[in-house]
Amino acid sequence: MVLRDGPDGGGKISSVFLNLMPHADVDNRLYVLEGIITIVFALCCVWLVPKNFETAYFLNEEEKQIMRQRAARTQAYSDSAGSGHYGKSDVKEAAKDVKSWVHGCIQIAVVTILYGFGTFLPIIIRNGFHYSVREVCHGQIVPHLIRY
């Protein structure tokens, strides 16, 4: 309610949107709003993000030359044949390398912790510590900021 009376006008915009669908649940309205914002952003990206560095309007010719050199180096070191595509021999070589297996295990461990934390933190706070839903939502802000 404080946002609706705020001087920035953001609360007024959200209250107008919430009044567009008076019979819908508040969560459904917010999902629709998030969906609209996502679709608009995606459409903007289609036209604003260049397809490669050669067509990037924000790079000058010197920066494009540096990118060409980097692309050539990456191409040369990307696989055993230098073609830019990995073959069966490259996959077999990686499967025999201990570093690939260690990296895979570390990646799975890190991702499991991050997704588990993000998924189950609200449940732990709500059920384990008996907080209200509002307190749970506010209590997640700091841990998620730290995580990112």
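Below are the figures for this structure:
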quantity: Translational D in µm²/s for region 97-148 (Stokes-Einstein at 4 °C, 1.567 mPa s, Kirkwood Rh from C-alpha pairs); calculated: 103 µm²/s
quantity: Radius 14 Å from Cβ of residue 72, net charge of other residues (Lys, Arg +1; Asp, Glu -1); calculated: +3
quantity: Per-residue HN-Hα couplings for region 35-51 [Karplus 6.51, -1.76, 1.60; θ = phi - 60°; Hz; x = Gly/Pro]; calculated: x, 4, 4, 5, 5, 4, 4, 5, 5, 5, 5, 4, 9, 8, 8, x, 6
quantity: Mean separation of Cα contacts under 8 Å, 6 or more apart, over the residue count of region 52-148: relative contact order %; calculated: 10 percent
quantity: Stretchable slack from residue 65 to residue 132, in nm (0.36 nm times residue separation minus alpha-carbon distance); calculated: 18.4 nm
quantity: Stretch gain in nm, segment residue 94-residue 44, where the contour uses 0.36 nm per residue and the Cα spacing is subtracted; calculated: 14.1 nm
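Coordinate-derived values only; no laboratory data. Values in this document were obtained by computation on a predicted structure and should not be read as measured data. Using ideal geometry, Cβ is built from the backbone for each residue, glycine included, and neighbour counts are taken over all protein chains shown.
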